Amino acid sequence: MVVCGMTEEIDVSIEKKEAELLPLRSSMEKLKLEFLKETIDFASKWYKKTVKEYVAKYPEVILKMSEEKISRMKVEVNEFDKETEKTVEDELSNPRLWWHQKPTLHESIEQYLQIADKYPEILDRAVRHILGHLGIILEKFGFHVTASGNTGSYKEFWFERVPSTDQAIPCYPHLLTWSEEMQDTISKYNLLYTQATALYDEIQELKEQKKREQALTRWDFA
């Protein structure tokens with residue numbers, strides 16, 4: 001009967017900690033959605049700015065183009081920009097990027113930590129994948145970029161290989177500074193993450209403790 005009482009106490013503790021965890025995960029979801037909105041805005045502005053930078057960086061490319069080809073490139077860039085929201089959502093809606101959507105035990109306390117312009121790798125790679133899609137257009141129009149995986153005489157490789165395959169994923173390779181809004185949002189997410197993971201680990205340990213108590217009960221009364 002003592003053991004039964006112990007398991008009841010454990011159940012109360014689990015219920016209490018799960019009640020504490022729920023609003024944290026809800027707030028983390030709101031921050032994720034905010035980060036998506038901010039990334040859409042950031043990426044759209046970045047695409048326009050970066051195209052101009054590459055026109056200036058490789059002037060000989062644009063100077064050799066016909067007016068018709070320049071117009072065609074502008075149309076493709078504009079069409080691509082219209083898809084920014086979908087591009088961002090396809091990449092950043094992946095539950096594996098967000099701990100609160102797929103909680104796991106014993107994750108690194110630094111998984112979402114930012115130090116200066118060093119962003120959390122799990123999200124930085126996703127943002128770089130989003131931006132890297134512009135490289136497909138730059139490659140198509142001859143701006144010394146490859147995002148498709150070709151490794152010829154190009155100067156800039158805007159892709160990464162999927163491990164153990166030949167598949168190439170567009171990925172922006174150069175120095176990158178997120179918007180202030182993106183940085184602030186992930187800083188807030190990180191604060192909640194440190195609280196939530198500690199609670200989650202405690203809950204899982206309590207559940208394991210309950211199983212041990214139940215196992216002992218069966219052993220003692222069998």
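Quick note: the coordinates plus some simple rules give every number you see, no bench work behind them. Values in this document were obtained by computation on a predicted structure and should not be read as measured data. Note: ideal-geometry Cβ built from the backbone for every residue, glycine included; neighbour counts use all protein chains shown.
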If I model a spin label as a point 7 Å beyond the Cα along the Cα-Cβ vector, how far apart are those points for Glu205 and His144 in nm? 5.6
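How high is the FRET efficiency from Ser44 to Ile70, r the C-beta distance, R0 25 Å, rounded to 0.05?
On the way: r = 21 Å, r/R0 = 0.84.
Taking R0 as 25 Å, the efficiency between Ser44 and Ile70 is 0.75.
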Distance (nanometres) between label positions extended 7 Å along Cα→Cβ at Ser164 and Ala56: 4.5
Rounded to the nearest 500, the 222 nm mean residue ellipticity computed for the chain from DSSP H runs (n ≥ 4, each -39500 (n - 2.57)) alone is -23000 deg cm²/dmol
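Among the listed pairs Lys74/Lys188; Lys118/Lys207; Lys69/Lys155, which are separated by more than 32 Å between their Cα atoms? Numbers along the way, then the final one.
On the way: Lys74/Lys188 38 Å; Lys118/Lys207 36 Å; Lys69/Lys155 22 Å.
Among Lys74/Lys188; Lys118/Lys207; Lys69/Lys155, the Cα-Cα distance tops 32 Å for Lys74/Lys188; Lys118/Lys207.
Just order 169-176, 142-149, 110-117 by mean Cβ neighbour count inside 10 Å, highest at the front, would you?
On the way: 169-176: 15.5, 142-149: 19.1, 110-117: 14.0.
Result, highest mean first: 142-149, 169-176, 110-117.
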